[in-house]
Amino acid sequence: MIEVRHATADDGDALGEIHAAAWEAVYAPFFAPEFALPAVRSRRTRWHGRIAEETGTILLAVRDGRPLAMSFCLPSATRPGLAEICSFYGHPDGWGSGIASTLMARTLHGLRDEGFTRVHLWTLRDTPQSRRFYIKSGFIESGATRPYDFGDGNPLTQVQYERDI
């Protein structure tokens, strides 16, 4: 059974574990180990602060009692009137289980309930699994790209996806 709910102050560790495990599996290979290892560690600890800030919406998806996917959305800082999915991560143990699709549906439903009619997100150009998931979820490439520096001084190319809600 999959449950999707708003994250609470008690969920910081679970969100961090999901983010770190997904980031390590998908993003870490793009970086030198001396950058990737501390980057993975930092993702385990940052969600307590984000929850405390009470900015945006953080959803947590749990399957059979285990937290396995999370989303974080805000009003877009660059596209007035649109929502932005700033973070959408699934723990590798949940890949292929349907938990990410369930979470995306609930994320979009929540954004619609907040009054948004359109949403966008950015993902790395060279992550085909992520890109396939967003397309399967009804997103299309907007044609926009940008360099994004994760902090190691070597920007990677991100592509933007968007869709109506």
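Things worth noting here:
- Members of the stretch 52-76 found to be in contact with a strand residue (DSSP E or B) (Cβ under 9 Å, 6 or more places away or on another chain) and either in a helix (DSSP H, G or I) or of a type in the set (F, W, Y) (or both), listed by number: F72
- Residue in the stretch 62-114 that is farthest from the chain's Cα centre (by Cα), counting only those that are crowded, with 17+ Cβ neighbours inside 10 Å, under 19 Å from R131 (Cβ atoms) and small (G, A, S): G94
- Taking the numbered list (1) in contact with a Gly (Cβ under 8 Å, 6 or more places away or on another chain); (2) closer than 25 Å to L156 by Cβ in turn, L68 passes all entries but (2).
- Note on the stretch 1-51: among residues that are of a type in the set (F, W, Y) and either in a loop (DSSP other than H, G, I, E, B) or farther than 24 Å from T157 by Cβ (or both), the one that is least open to solvent (accessible area, probe 1.4 Å) is W47.
- Number of the exception - I135 against (1) open to solvent by 20 Å² or more (accessible area, probe 1.4 Å); (2) over 21 Å from Q158 (Cα atoms): (2)
- Residue count for the stretch 90-142, restricted to those that are polar (S, T, N, Q), touching a helix residue (DSSP H, G or I) at 6+ places or on another chain (Cβ under 8 Å) and farther than 18 Å from A20 by Cα: 2
- Any chance I58 is out of contact with any Asp or Glu (no Cβ under 9 Å at 6 or more places or on another chain) and open to solvent by less than 20 Å² (accessible area, probe 1.4 Å): no
Quick grid of which residues meet (1) farther than 22 Å from F31 by Cβ; (2) modelled with pLDDT of 95 or more; (3) touching a Pro at 6+ places or on another chain (Cβ under 8 Å); (4) among the charged types (D, E, K, R):
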residue: S97; (1), (2), (3), (4): yes, yes, no, no
residue: L111; (1), (2), (3), (4): yes, yes, no, no
residue: V119; (1), (2), (3), (4): yes, yes, no, no
residue: D126; (1), (2), (3), (4): no, yes, no, yes
residue: E141; (1), (2), (3), (4): yes, yes, no, yes
residue: D149; (1), (2), (3), (4): no, yes, yes, yes
residue: L156; (1), (2), (3), (4): no, yes, yes, no
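- Where a residue in the stretch 69-84 is without any contact (Cβ under 8 Å) to a residue 40 or more places away in the chain and its partner, wherever it lies, is polar (S, T, N, Q) and assigned to a strand (DSSP E or B), with Cβ under 8 Å and at least six apart: S71/T57; S71/S87; F72/T57; F72/S87; L74/T57
- So T117, is it of a type in the set (S, T, N, Q) and either open to solvent by less than 60 Å² (accessible area, probe 1.4 Å) or touching a Ser or Thr at 6+ places or on another chain (Cβ under 9 Å) (or both): no
The values are calculated or read from the model by the stated rules, or taken from the named source; none is laboratory data. Please read these numbers as outputs of a predicted model, since none were measured by experiment. Using ideal geometry, Cβ is built from the backbone for each residue, glycine included, and neighbour counts are taken over all protein chains shown. SASA here: full protein model, heavy atoms, side chains in, ligands and nucleic acids out. Shrake-Rupley method; radii C 1.70, N 1.55, O 1.52, S 1.80 Å.
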